[in-house]
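I have placed the structure first, in the form of structure tokens, so that the comments after it can refer back to it.
The values are calculated or read from the model by the stated rules, or taken from the named source; none is laboratory data. None of the values given here were measured: they were computed from a predicted structure. Note: ideal-geometry Cβ built from the backbone for every residue, glycine included; neighbour counts use all protein chains shown. Only protein heavy atoms, including side chains, enter the accessible area calculation; ligands, DNA and RNA are left aside. Shrake-Rupley method; radii C 1.70, N 1.55, O 1.52, S 1.80 Å.
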Amino acid sequence: MTTSLVNITINKILNLIKNEKLKPNDKLPTVEDLALKFNVGRSTIREALKVLSTQNIITIKQGSGTFISEQQGMSKDPLGLEYISDDINIIFDMVTLRLIFEPEMAAMAAQFATRKDIQYIKDCCYEVENLINEGKDYYKEDANFHVAIAKASGNSIIHKITQVIHSSIKKNIFMTDNTLCKDTIVFHKRIIDCIENGDISGAKYAMINHLDAQRRFLIDNYKYKLTRKQL
């Protein structure tokens, strides 16, 4: 078995996924079936699947089979912030990036969201609210809320970028000590109301207010640690 043969097989599997329009959680053919289809040994298929698994393109579940990954090829920390997320300047830059990007995303959601999209955004909002009221960590659910809005924008690239951004933000990214958690509930509901009512400008500015509250908190509480003249 050569590296080139494995690489060729990887490309064939990727083409299969593309041509068959397989979606997250869809099941791939068995190792045996893939070996017959591509006329290679089962060890070559296993090696190719192992590589695709490390790339988060597929998920191998022992005893169940091989499935298309929900990560869709996205690494766990694509922006490389895992070891520097405590740096206040990185955190400030991330919030600033979101201020540039996410208001327009919310505006598009107000224009294109379906009823199913809106209901899912609401479900994410309720999960965040419940966790906040219970005093529990709500980072993942908050990320789901924003990713749901990105999906509702109808733009697959925006959805992908938002997943990348939020996959790189650790739960301490805002460094607000939960000071803004109650405000988060209010802002989320305002954003939902605007999206549901098709209020494009309202959704945009509701998102601006939400993210700017986090930015202002960082400026007010960490002003002397911020090294750039951007205040």
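Residue 40 - would you say it is out of contact with any Ser or Thr (no Cβ under 6 Å at 6 or more places or on another chain), β-branched (Val, Ile, Thr) and closer than 23 Å to residue 4 by Cβ? Quick ask: steps written out before the conclusion?
Numbers: out of contact with any Ser or Thr (no Cβ under 6 Å at 6 or more places or on another chain): no; β-branched (Val, Ile, Thr): yes; closer than 23 Å to residue 4 by Cβ: yes.
So residue 40 fails the test.
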*Tell me which residues, restricted to segment 109-118, are part of a helix (DSSP H, G or I) and either of a type in the set (Ser, Thr, Tyr) or open to solvent by less than 90 Å² (accessible area, probe 1.4 Å) (or both).*
109, 110, 117, 118
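So, in segment 52-68, exactly how many residues are under 19 Å from residue 161 (Cα atoms) and modelled with pLDDT of 85 or more? Spell out how you get there, then give the answer.
Taking segment 52-68 and keeping what is under 19 Å from residue 161 (Cα atoms), we get 55-57.
Next, only the ones that are modelled with pLDDT of 85 or more stay: 57.
Count: 1.
Select from segment 20-30 the residues that are of a type outside the set (D, E, K, R) and modelled with pLDDT of 90 or more and write down the one among them that is surrounded by the fewest Cβ atoms within 10 Å (Cβ to Cβ).
Within segment 20-30, the match that is surrounded by the fewest Cβ atoms within 10 Å (Cβ to Cβ) is 30.
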*Tell me, yes or no, whether segment 132-154 has at least one residue that is modelled with pLDDT of 90 or more, within 17 Å of the chain's Cα centre (by Cα) and assigned to a loop (DSSP other than H, G, I, E, B).*
yes
*Any pair with Cβ under 6 angstrom, 6 or more apart, that starts in segment 179-204 at a residue that is on the phi < 0 side of the Ramachandran plot and ends at one that is basic (Lys, Arg) and open to solvent by 70 Å² or more (accessible area, probe 1.4 Å)*: none
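Restricting to segment 31-61, what's the tally of residues that are open to solvent by 60 Å² or more (accessible area, probe 1.4 Å) and more than 11 Å from residue 10 (Cα to Cα)?
Taking segment 31-61 as the starting set, the residues that turn out to be open to solvent by 60 Å² or more (accessible area, probe 1.4 Å) are 32-33, 36-37, 39, 42-43, 46-47, 50, 54-55, 60-61.
Next, only the ones that are more than 11 Å from residue 10 (Cα to Cα) stay: 32-33, 36-37, 39, 42-43, 54-55, 60-61.
Residues meeting the conditions: 11.
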